[in-house]
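Student: Following this message is one structure expressed as structure tokens.
The values are calculated or read from the model by the stated rules, or taken from the named source; none is laboratory data. These numbers were taken from a predicted model, which means no experiment stands behind them. Cβ atoms come from the backbone with ideal geometry, glycine included; neighbour counts cover every protein chain shown. Ligands, DNA and RNA are stripped out before the accessible areas are found, and what is left, the full protein with its side chains, is counted by its heavy atoms. Shrake-Rupley method; radii C 1.70, N 1.55, O 1.52, S 1.80 Å.
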Amino acid sequence: MLRKVLTGIIGLQFIGVSCCFALNNNEWDYRSKVHQQEAKENYEKSLMPKSGYMTVQEYEKESMAKDKSQGTGEYIKKVEDSKMVYIPQPHYKLVRYNNPPGSPEMHLHRSLFHEKQELPTALIAPDVSMMIQPIVSYYSKTKSTDCDVYIVPLRQGQTDVDKVKSANIAAKDPKPIFSTDRTVIEYGTFRTITPVDFSADMRYVVAKEKTGNVEDGIWQTEMLVYDFLTKKTIRVPEIREAIRYYWRTTKNMDIKELRWDIYPLGFSVKNPDRILVAAYAYAGNPPRCLGIWSIDVRGEQTRLESVMDNGIEVSTIGLKIIEDGIIDPESVEAEAKMAEAYEKDKAKNEKKAEKERKKQLKKQYKEEVKEIKKEYKELKKDDTSNDSRSDKVHSYIPLYKVKGGKPTGFEDAIRRP
């Protein structure tokens, strides 16, 4: 742009005096060399890594924190080095989460006391499009825990196992679908929420919230239901009330005086909109069954399905990931050989592409220099033909600084007769 506006005549304002004159050949040559030097510097920069020539502002912009929810979340590859020796590597598979019915329980590890947070086993949707992930937090001051349960979407375009292994917890929905009560925090109290299963149409997911204390164990279990259509969470305390009412009116026994609890089993096969719940009283050994009950997802109607704990069909919809042995040495070694061949081809192609890139950059640089010389040659020719004065009566004064003023540029250079 600068070269195109140079017409050969410059106006100079110097100490209040304006003067116009033509440029001599030395000045045109100087301008041409300046732009050739700029082209050379740009060419040399293009050969260096990006971090080798960026400004401080550009570097700080590139170094800004990234949004974790947009991260790749990729796990370490099976073969890190093509020259590795065989190391036993686990093999994973997806199995039914709620099998046998009501069996999912949350097992917390000692690391929770140090890490202050733990991710228990997640409930995976049957179409492997999302997973329901509980997050347990530990507070050392009160020695208590609470729990939130989030929906974590899974990436598509991979195998089912790889979708789960590459799940990015940072991409979870910002609002949890289940949360424990935080209004009352007592010393040593633990509260956890364990997903149980999906409904057959995947509209609902049922979970159980356990509350207890480290001194005397579990106090009670409550049932929760989340509706994906309305995006609302429903607590279902009615099931506990119905069980107490039944035993008080039919057997004249107030089970409130006993140690008893409920165990959500999942959704019924015969009635997919009803949730099956088993109740047990710990009044002896073994515990006594208080019946298999069912309640609709809205918590409006409760039924006694069976007084025994057998003969009830419970659906198992959700999935979970487990280790299924290890990968055999032959597969790992064959994969290592393939990786080695791939690395060689990749390095060869990268070297070839880099050589071609530098060749093109050098070609562009030479063409740009050639264009600069041609353009300035034409400008100098036009300027010489339009200048009626002789170059001999002009002397070129090199660039200098005016005392007390700003540094002068090329346009501030003057000539005197």
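Student: How many of the residues making up the stretch 138-159 are assigned to a loop (DSSP other than H, G, I, E, B) and open to solvent by 40 Å² or more (accessible area, probe 1.4 Å)?
Tutor: Total satisfying the criteria: 9.
Student: OK, next. Out of the residues in the stretch 120-136 meeting the condition of being touching a strand residue (DSSP E or B) at 6+ places or on another chain (Cβ under 6 Å) and part of a loop (DSSP other than H, G, I, E, B), tell me which one is farthest from Lys93 (Cα to Cα).
Tutor: Going through the qualifying residues, I end up with Pro120.
Student: Residues that are at pLDDT below 75 and not hydroxyl-bearing (Ser, Thr, Tyr): list the strands (runs of 3 or more DSSP E) wholly contained in the stretch 1-97 that include at least 2 such residues.
Tutor: In the stretch 1-97, 9-14, 17-22 are the strands (runs of 3 or more DSSP E) which contain 2 or more residues that are at pLDDT below 75 and not hydroxyl-bearing (Ser, Thr, Tyr).
Student: What about His91, is it surrounded by fewer than 17 Cβ atoms within 10 Å (Cβ to Cβ) and within 18 Å of Ile193 (Cα to Cα)?
Tutor: no
Student: Check whether at least one residue in the stretch 160-171 is over 27 Å from the mean Cα position of the chain (by Cα), under 24 Å from Phe228 (Cα atoms), at pLDDT 90 or above and open to solvent by 10 Å² or more (accessible area, probe 1.4 Å), and report yes or no.
Tutor: No; the residues of the stretch 160-171 include none that is over 27 Å from the mean Cα position of the chain (by Cα), under 24 Å from Phe228 (Cα atoms), at pLDDT 90 or above and open to solvent by 10 Å² or more (accessible area, probe 1.4 Å).
Student: Name the one entry in Ser199, Ser137, Ser166, Ser144 that is closer than 23 Å to Pro101 by Cα and not charged (D, E, K, R).
Tutor: Only one candidate passes the filter, namely Ser199.
Student: Answer with yes or no whether Leu258 is surrounded by fewer than 18 Cβ atoms within 10 Å (Cβ to Cβ), among the aliphatic types (A, V, I, L, M) and out of contact with any Leu (no Cβ under 9 Å at 6 or more places or on another chain).
Tutor: So Leu258 passes the test.
Student: Also, quick follow-up: Within the stretch 299-321, track down each residue that is surrounded by fewer than 12 Cβ atoms within 10 Å (Cβ to Cβ) and either of a type in the set (Val, Ile, Thr) or in contact (Cβ under 8 Å) with a residue 40 or more places away in the chain (or both).
Tutor: Glu300, Val307, Glu313
Student: May I ask you to say which residue of Thr230, Thr249, Thr211 is at pLDDT 90 or above and assigned to a strand (DSSP E or B)?
Tutor: Every option except Thr211 fails the conditions.
Student: Just one of Tyr396, Tyr342, Tyr376 is at pLDDT 80 or above and open to solvent by 50 Å² or more (accessible area, probe 1.4 Å); which is it?
Tutor: Selected residue: Tyr342, the only one of Tyr396, Tyr342, Tyr376 that is at pLDDT 80 or above and open to solvent by 50 Å² or more (accessible area, probe 1.4 Å).
Student: Have a look at Glu350, Glu335, Glu378, Glu343 and point out the one that is assigned to a helix (DSSP H, G or I) and closer than 30 Å to Val95 by Cβ.
Tutor: Being assigned to a helix (DSSP H, G or I) and closer than 30 Å to Val95 by Cβ holds for just one of Glu350, Glu335, Glu378, Glu343, which is Glu335.
Student: Give all pairs with beta carbons closer than 8 Å in which a residue from the stretch 127-139 that is of a type in the set (Gly, Ala, Ser) meets a residue that is assigned to a strand (DSSP E or B); count only pairs at least 6 apart in sequence or on separate chains.
Tutor: Ser129/Pro153; Ser137/Gln117; Ser137/Thr145; Ser137/Asp146; Ser137/Cys147; Ser137/Asp148
Student: If you check every pair at least six apart or on different chains, which have Cβ atoms under 6 Å apart with a residue in the stretch 327-355 that is in contact (Cβ under 8 Å) with a residue 40 or more places away in the chain first and a residue that is open to solvent by 60 Å² or more (accessible area, probe 1.4 Å) and outside any helix (DSSP H, G or I) second?
Tutor: Pairs found: Ile327/His91; Pro329/Tyr86; Val332/Tyr86.
Student: Of everything in the stretch 224-255, what is under 35 Å from the mean Cα position of the chain (by Cα), buried (at least 18 other Cβ atoms within 10 Å of the Cβ) and of a type in the set (A, V, I, L, M)? Give them in sequence order.
Tutor: The answer is Leu224, Val225, Val236.
Student: A follow-up question, please. Have a look at Val184, Val152 and point out the one that is more than 20 Å from Asn98 (Cα to Cα), of a type in the set (Val, Ile, Thr) and without any contact (Cβ under 8 Å) to a residue 40 or more places away in the chain.
Tutor: Val184
Student: Would you confirm, using the coordinates I've provided, whether Thr221 is open to solvent by less than 30 Å² (accessible area, probe 1.4 Å), β-branched (Val, Ile, Thr) and either free of Cβ contacts under 8 Å to residues at least 12 places away in the same chain or assigned to a strand (DSSP E or B) (or both)?
Tutor: Against the criterion (open to solvent by less than 30 Å² (accessible area, probe 1.4 Å), β-branched (Val, Ile, Thr) and either free of Cβ contacts under 8 Å to residues at least 12 places away in the same chain or assigned to a strand (DSSP E or B) (or both)), Thr221 qualifies.
Student: On to the next question. Return the residues of the stretch 187-218 that are free of Cβ contacts under 8 Å to residues at least 40 places away in the same chain and among the basic types (Lys, Arg); say none if nothing qualifies.
Tutor: Arg203
Student: Identify all residues within the stretch 269-298 that are small (Gly, Ala, Ser) and touching a residue at least 12 places away in the same chain (Cβ under 8 Å); write none if there are none.
Tutor: Hits for the stretch 269-298 are Ala278, Ala279, Ala281, Ala283, Gly291, Ser294.
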